[in-house]
Every structure is written in C-alpha cells, then in structure tokens.
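The structure appears right after this line, and notes come after that.
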Amino acid sequence: EELHGQAWARVEPVFKKAREESAARYRQLAGTGRTTSDVKEAVLAAHHGRIDVLFVAVGVQIWGGFDPEKDKVYMHEPPEPGDEDLLDLTAIQTLINGGTVYAILPEEVPDHALLAALMRY
C-alpha cells in the first residue's frame, strides 16, 4: 500500500496533464465535426475505430443496444431485457480500437455531457 501511494504520487501529475491536454484539444476542435457528445454518434464512431480520446462519466448508465449489422444504436428508458450500458460499450470499443478513455466524474466531462469524444478523423 505504501509503495502504491508513493508511485501514484509520481505518476498522477503525468496522467492529469495528459487528460487536461486532451480536454483542451476537445474544446479547440468543438464545432469542427471532430468532436461529439452525442451518445448514438459516439457508439457508432467507437465501433468504427474513429475515437481517439473518450471522456466518459462514471456512475451513470444509458441503456440500449447496438446492432452492428444494421449500424444502428437503440436507447431505452427505463432499461429493457437484453440492454447494455452504452457508455460502457463506447469505452470498451474505444479501448479495443486503440483509443484513450478517461472515466471521470460527470461534472468533469467536456460540454457537461455524459460522454465527450475526440475523433481521429
């Protein structure tokens, strides 16, 4: 535990700086088509490997599903049998496709949304 605390004290500033630089890049590119805070758009972008950096709110769920054959996202409120958390799905697909994911408090997500994605293209 002590070793973990010492190590974290050294690496935390590095992680925080990278997250802040990514958030600044998100704000700089907002409105250019290279960012989104729309959940459906982000799910599709993550599936197609377009997300470079994803900010996602922890402790929040958006229920629905994704049909890769139809390239269609479904959202439901309340959750229905067979639904999955679309925020988790987006984060997982972003990681699978080599992107970076920052799971942060909802109030820290750019655009005050539940997710914010910075696109590769």
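Some points to look at:
- Heavy-atom accessible area order for Asp52, Asp85, Asp38, largest first, 1.4 Å probe: Asp38, Asp52, Asp85
- Within the accessible area of the chain (1.4 Å probe), percent carbon and sulfur: 53 percent
- Proximity of backbone amide H atoms, modeled 1.01 Å from N, is registered between Tyr102 and Leu54, Phe55, Val56 at under 5 Å, excluding neighbours fewer than 5 places apart on the same chain.
- Summarising the amide proton neighbourhood of His76: residues at separation of 5 or more, or on other chains, whose placed amide H is nearer than 5 Å comprise Trp63, Gly64.
- Over the chain, relative contact order from alpha-carbon pairs under 8 Å, at least 6 apart, %: 36 percent
- Computed with a 1.4 Å probe over protein heavy atoms only, the accessible surface of the chain comes to 62 Å² per residue.
- ³J(HN,Hα), Karplus 6.51/-1.76/1.60, whole Hz, each residue of the stretch 75-88, x for Gly, Pro: 10, 9, 9, x, x, 10, x, x, 5, 10, 6, 5, 5, 4
- Calculated [222 nm] ellipticity per residue, helices only, for the chain: -13000 deg cm²/dmol; basis is -39500 (n - 2.57) per DSSP H run with n ≥ 4, divided by all residues, nearest 500.
- The chain: Rg to Rh, with Rh as the Kirkwood radius over Cα pairs: 1.02
- Remark: the stretch 91-96, residue by residue, has Karplus-estimated 3J(HN,Hα) of 5, 4, 5, 5, 5, 4 Hz, where x stands for each Gly or Pro and the curve is 6.51 cos²θ - 1.76 cosθ + 1.60 at θ = phi - 60°.
- Accessible heavy-atom area order of His48, His4, His112, highest first, probe of 1.4 Å: His112, His4, His48
- Taking every DSSP beta bridge that has both ends in the chain, the antiparallel portion is near 75%.
The values are calculated or read from the model by the stated rules, or taken from the named source; none is laboratory data. Since this is a predicted model, take the numbers as computed values, not measurements. Accessible surface areas use protein heavy atoms only, side chains included; no ligands, DNA or RNA. Shrake-Rupley method; radii C 1.70, N 1.55, O 1.52, S 1.80 Å.
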